[in-house]
Every structure is written in structure tokens, then in C-alpha cells.
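In what follows, a structure is listed as C-alpha cells, so that the remarks can point back to it.
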Amino acid sequence: MTPNDPSHDPSRELPTIPSTPALWVGRVRVHGSAGRVREQAVRVWTDGPAPGPGDGLALEWIEDPFQAARESDADPWSAAREAETLRTMKLADGELAPPVRPGKVIGVGRNYRAHAAELGNEVPSEPLLFFKPSSCLIPSGEAIALPRGYERVDYEGELVVVIGRRARNVAAQDAWAHVAGYLLGDDVSCRDLQRRDGQWTRAKGFDSFGPVSGFIRMTPPGWRLPAGELRLRTLVDDEDRQDALVSDMVFDVPALIAHVSACMTLEPGDLIFTGTPEGVGALSRGQVVRVEASGAITLAPLVNPVV
């Protein structure tokens, strides 16, 4: 059967994610002598659900699959699956760090029409990009720290794409080959500074303004996210605030990768925050923000208290 054959179904040739076991990659902080702390890449397998602190699963220490991909152009999916186990530990015995150390964290503004409208903005004609510093990243479980002296700091739940293979001038139809997996994120934003500065570096760059899932759900190169079957929800104190399908994005994942990589080289481990749906709102001390996904793929939930 050839691509020109009417009976040809290209979807049959696409990589699939094994339903079980699911592969997750993260990082833990390891405390050594003299107060020294280092981070160690870990791998965990589950029968589908995201790993959690009370499930007793073994975390396998491995060499960082994203560092391997940066050095040899390997894909992190294969590197993580094939890595030798250096030792094991229980999740309850470790302290989670952000699951990857990105060189770049890129955000996308106004990528859901209803969100642009709720803040009185036009939908951009091309992706509206900004940077978040990697120092703003925190894992699920750590606290979002509200800086003093500002009137409004908002939550923004979103899907985060983890880059797998180096991408430069990548066409949209080839973009899936450069994705390693997915996280959930919260693009915490200080509205005072967005209005005052006119650009968003300070507004979105405070320490703790980039919560992400504790584990990356790894996917094989070329796997296409069924955006119409993945729903994002953000809850504040268990109250629904945001609820949308990923397919509601103005610019989809391939379009974003193509647009960004036309400007700058994306490296393994880089993150793209893909934009937030309608329903953003102000945070207050004592609240708990939860971002979760349901549908086509299981992603590790994101839960962060606000202090």
C-alpha cells in the first residue's frame, strides 16, 4: 500500500503510546554531606495513572535523557526507556524538583480566543511569544509565593510541551518528531506589571511563577496529541475556574513549534507554555491551585498552595 493508494491510512503508521506501562521522567533533590544538594534524573513506570506520593512506586535513578539528547541527538523517549538503573528509591523518601532543566521557557500569550476577550485583548494574527526564566519553575507541591506590593497576581493553567529533539526551522508537519512529552503548568502572572511595563518579563518571571507537574509524561517521537480529546481544568480551592479542550487553541502545538523554531533553536528539555483558556483570576494567600487534564492521555496533576 502506498501513500497515493485510496485505502492508505496514514494514522496507522504513527507511533502509539503503550497503554501500559506509562513512562514518566522527573528529577529529585538529593541531600548530601555538608548540606550539599544535587538533582538526580529519575524514571518511573505506572499502569497508566500518574505517580503519586502514596503509591509506593520505585523511582529509578537514570542518566538525564535530555542531556543525552543534547549531546548525541538521541531522542529522550528512547534514552529514558533504555537507560541503566543506577539505584532505586521511594517517592516518599525524596523531594521533587522541576522534572527537567530547560535552557529556555517560552510562553504563548492569548492563544485561546475566549481568554483574549476576557482581558479585553485582540487575538493575535501570529503566536505572541514571551520568555519565563527557568528560575521561576517549581514542582507540584511547592508554594506559589505572592510578591508584596502588587494588587493582582493571576493563575493561568495550561498545557506545557517538552521539546525532545533539537528543532530549527522545523515545518509544522514535522513538528511532532521534536516533542518528548507533556506537563501541566501554571503561568502565574502579575497584572500590575504587565500593564506598567508593557512587556511581560517581570510580570511572569518571579520565583515560583512557573509551577509544573512533578513528572513528564513521555511520548515517542512523532506521536500526535489528539487535542480534541484532551481537556484542561483549573480549580482554586476545589472550585472550577477554567475548563477547555486543547483543540480550542488558536495556534496548535505544531504551529507553535514551527513559529518558535523559525526564530530560535529549540533544544531538548526546553518548555513551551502553550497558553491559557478563559477563566483566569486573582490569587490570594491560603488558596490551593490545581491544574489537571483528562481524556486522550494521562498527565501528572499540578497542585500548589499560595503563600
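The values are calculated or read from the model by the stated rules, or taken from the named source; none is laboratory data. As the structure is a computational prediction, the values presented were derived from the model and not from experiment. When we count neighbours, we look across all protein chains shown, and the Cβ atoms used for this are built from the backbone with ideal geometry, even at glycine.
Observations, loosely collected:
- Top-ranked residue of the stretch 60-80 - restricted to ones that are touching a residue at least 24 places away in the same chain (Cβ under 8 Å) and over 20 Å from the mean Cα position of the chain (by Cα), ranked as nearest to Arg168 (Cα to Cα): Asp73
- Output for the stretch 81-100, where each listed residue is surrounded by 19 or more Cβ atoms within 10 Å (Cβ to Cβ) and either under 17 Å from the mean Cα position of the chain (by Cα) or in a strand (DSSP E or B) (or both): Leu96, Ala97, Pro98, Pro99, Val100
- Between Gly275, Gly269, the distinction of being assigned by TED's automatic domain parsing to the domain that holds Gly181, modelled with pLDDT of 95 or more and either over 30 Å from Tyr150 (Cα atoms) or surrounded by fewer than 23 Cβ atoms within 10 Å (Cβ to Cβ) (or both) belongs to Gly269 only.
Conditions tested, residue by residue: (1) touching a helix residue (DSSP H, G or I) at 6+ places or on another chain (Cβ under 8 Å); (2) in the same structural domain as Ser247 (by TED's automatic domain parsing); (3) among the aliphatic types (A, V, I, L, M).
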| site | (1), (2), (3) |
| --- | --- |
| Pro53 | yes, no, no |
| Leu57 | yes, no, yes |
| Trp61 | no, no, no |
| Asp64 | no, no, no |
| Ser72 | no, no, no |
| Asp75 | yes, no, no |
| Glu82 | no, no, no |
| Leu86 | no, no, yes |
| Met89 | no, no, yes |
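- Residue that is closer than 19 Å to Ile257 by Cα, surrounded by fewer than 23 Cβ atoms within 10 Å (Cβ to Cβ), at pLDDT below 95 and of a type in the set (Gly, Ala, Ser), where the choices are Gly109, Gly103: Gly109
- Any hit, the stretch 38-48, residues being in contact with a strand residue (DSSP E or B) (Cβ under 7 Å, 6 or more places away or on another chain), in contact (Cβ under 8 Å) with a residue 40 or more places away in the chain and either outside any strand (DSSP E or B) or small (Gly, Ala, Ser) (or both): yes
- Filtered residue count, the stretch 176-195, keeping only those that are modelled with pLDDT under 95 and surrounded by fewer than 17 Cβ atoms within 10 Å (Cβ to Cβ): 1
- When residues of the stretch 198-232 are limited to those that are surrounded by fewer than 20 Cβ atoms within 10 Å (Cβ to Cβ) and touching an Asp or Glu at 6+ places or on another chain (Cβ under 8 Å), the one nearest to Arg165 (Cα to Cα): Pro221
- Subset of the stretch 154-188 (residues that are within 13 Å of Asp270 (Cβ to Cβ) and assigned to a helix (DSSP H, G or I)): His178
- Of the set (1) closer than 25 Å to Arg168 by Cα; (2) acidic (Asp, Glu); (3) modelled with pLDDT under 95, all apply to Asp55 but (1).
- Scanning the stretch 191-244 for residues that are acidic (Asp, Glu) and either in a loop (DSSP other than H, G, I, E, B) or under 22 Å from Gly286 (Cβ atoms) (or both) yields a total of 6.
- Long-range neighbours under 8 Å by Cβ, at least six apart or interchain, first residue closer than 18 Å to His31 by Cα within the stretch 88-111, second among the hydrophobic types (A, V, I, L, M, F, W, C) and assigned to a loop (DSSP other than H, G, I, E, B): Lys90/Leu57; Leu91/Leu57; Pro99/Phe215
- Of all residues in the stretch 278-297, exactly one satisfies the criterion of being surrounded by 20 or more Cβ atoms within 10 Å (Cβ to Cβ) and under 30 Å from Ala171 (Cβ atoms), namely Ala293.
- Residue in the stretch 64-78 that is modelled with pLDDT of 90 or more, assigned to a loop (DSSP other than H, G, I, E, B) and either buried (at least 16 other Cβ atoms within 10 Å of the Cβ) or among the hydrophobic types (A, V, I, L, M, F, W, C) (or both) present: yes
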